[in-house]
1. Give the residues of segment 170-191 that are near the ligand (Cβ under 10 Å from one of its atoms) and open to solvent by 10 Å² or more (accessible area, probe 1.4 Å), sorted by residue number.
2. Yes or no: Val194 β-branched (Val, Ile, Thr) and surrounded by fewer than 19 Cβ atoms within 10 Å (Cβ to Cβ)?
3. For the list (1) touching a helix residue (DSSP H, G or I) at 6+ places or on another chain (Cβ under 9 Å); (2) under 23 Å from Cys206 (Cβ atoms); (3) within 16 Å of the ligand (Cβ to nearest atom), I need the number of the one condition that Gly305 fails.
4. Among the residues of segment 166-199, which ones are among the basic types (Lys, Arg) and in contact (Cβ under 8 Å) with a residue 40 or more places away in the chain?
5. For segment 261-291, how many residues are in a strand (DSSP E or B), within 12 Å of the ligand (Cβ to nearest atom) and open to solvent by less than 70 Å² (accessible area, probe 1.4 Å)?
6. Counting just the residues of segment 208-248 that are without any contact (Cβ under 8 Å) to a residue 40 or more places away in the chain, of a type in the set (D, E, K, R) and part of a strand (DSSP E or B), which one comes out nearest to Arg168 (Cα to Cα)?
7. Please list, ordered by first then second residue, the pairs with beta carbon atoms under 7 Å, 6 or more apart or interchain, first in segment 131-149 and in a helix (DSSP H, G or I), second open to solvent by 40 Å² or more (accessible area, probe 1.4 Å) and among the acidic types (Asp, Glu).
8. Of everything in segment 243-260 that's open to solvent by 70 Å² or more (accessible area, probe 1.4 Å) and farther than 18 Å from Glu294 by Cβ, which residue is farthest from the ligand (Cβ to nearest atom)?
Amino acid sequence: MTSETIQKLLADINGLQCKSLKEVEDARVRLLGKKGEITALFEEFRTVDKDVKRELGRPLNELKQAAIAKIEELRSALEASGPAEGSSEDLSMPGVQYELGSRHPVSIVRQQIVDIFRKFGYDVAEGPEIEDDYHVFEALNFPPNHPARDMQDTFFVSAGHLNPLLLRTHTSSVQVRAMESMKLPIRVICPGRVFRNEAISARAHCIFHQVEGLYIDEGVTFADLKQAILLFAREMFGADAQIRMRPSFFPFTEPSAEVDVSCNICHGKGCNICKGTGWLEIMGCGMVDPNVLEASGIDSKRYSGFAFGMGIERIAMLKWQVNDLRHYFENDLRFLHEFEGATEV
Ligand code: DAH
């Protein structure tokens, strides 16, 4: 071994260039590996004369340090610049696909109902899902022993005192809050989630959605109610939709009615969706009972109003003939994708 051998190798190392991490590793093995050139020089060094050791000891150590530093420098430069051409990554591979969501049919119908009534000048109001007995029953003229107040129908959050907390069983509670807080005249719709203690089946669920409507002013009549609902039905189900009203009973309206819309599947001829009648039930409604107005501090001699309430899932079922309520809550993507783009009224 001579000083020239060391100088030549040092020059090689200083001029070293690598295009990939693999080339860096190969260079490391060639120089510093078990059978590497520098390792071989160190082995030879053990056998040389004292004089040569004195002369070449230092340059040999410096050579090794230079090699280690160069390898490290090349490796970090390549790592910083990312995978180079010829690396194992295939840049033409398709990326990870993210599934696009779509709007839930309940949200679509809710938005359509809101949009229709907004056009008629209604505001939107929301109330709490955990309500008290007063707003869900008492102020709406439910007698104390009414069956809806039973544990069978209502989920109670705290029972045992005069005004227990419960999960609202209908959005009519929001009309009470609107009458308490809004200035007259009131024209408002209240969409929201409601809860009933029902066994889950195709036709019943313990959670569903309603939209409540309320209009109070001087001189509001049943004719105004009929007209509002007819206009709504035509916007929702088509320009040729007809409505009919059947007498009914609700504690908070007098008189009360249930509203049917002409079947938009068979156009009145009779099919299995309308069970051969040509009509489909869509909502309950009526003139706000004077007791309800007075309970919220509204002078029932001066003001009158109407209210109506409909189930959002029910309207969705009629629009799309999905007749099992459970589909609306299971979040099966095959079901949800059916409604992609279905935002038109
Ligand atoms: N709250 C009723 C229900 O849940 C629906 C309803 C009927 C609302 C008649 C009204 C109404 O405002 O006038 O079944």
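1. If the condition is that a residue be near the ligand (Cβ under 10 Å from one of its atoms) and open to solvent by 10 Å² or more (accessible area, probe 1.4 Å), then His170 is the only one that fits.
2. Considered against the rule, which asks whether it is β-branched (Val, Ile, Thr) and surrounded by fewer than 19 Cβ atoms within 10 Å (Cβ to Cβ), Val194 comes out as no.
3. (2)
4. Arg168, Arg177, Arg187, Arg193, Arg196
5. Here is the first cut: in segment 261-291, the residues in a strand (DSSP E or B) are 261-262, 279-288.
With the extra rule that they be within 12 Å of the ligand (Cβ to nearest atom), the set shrinks to 281-288.
Next cut, open to solvent by less than 70 Å² (accessible area, probe 1.4 Å) only: 282-288.
The total comes to 7.
6. Per the stated criteria, the residue is Arg246.
7. Between residues of segment 131-149 that are in a helix (DSSP H, G or I) and residues that are open to solvent by 40 Å² or more (accessible area, probe 1.4 Å) and among the acidic types (Asp, Glu), the close pairs are Pro147/Asp153.
8. Keep residues of segment 243-260 that are open to solvent by 70 Å² or more (accessible area, probe 1.4 Å), which gives 244, 246-247, 249, 254.
Restricting the remaining residues to those that are farther than 18 Å from Glu294 by Cβ gives 244, 246-247, 249.
Values: Arg244: 16, Arg246: 12, Pro247: 12, Phe249: 9 Å.
Out of the qualifying residues, it is Arg244.
The values are calculated or read from the model by the stated rules, or taken from the named source; none is laboratory data. All figures in this text were calculated on a predicted structure; none of them were measured in a lab. FYI the Cβ positions are ideal-geometry reconstructions off the backbone, even for glycines, and counts take in every protein chain you see. The accessibility values were calculated without ligands, DNA or RNA, using every heavy atom of the protein model including side chains. Shrake-Rupley method; radii C 1.70, N 1.55, O 1.52, S 1.80 Å.
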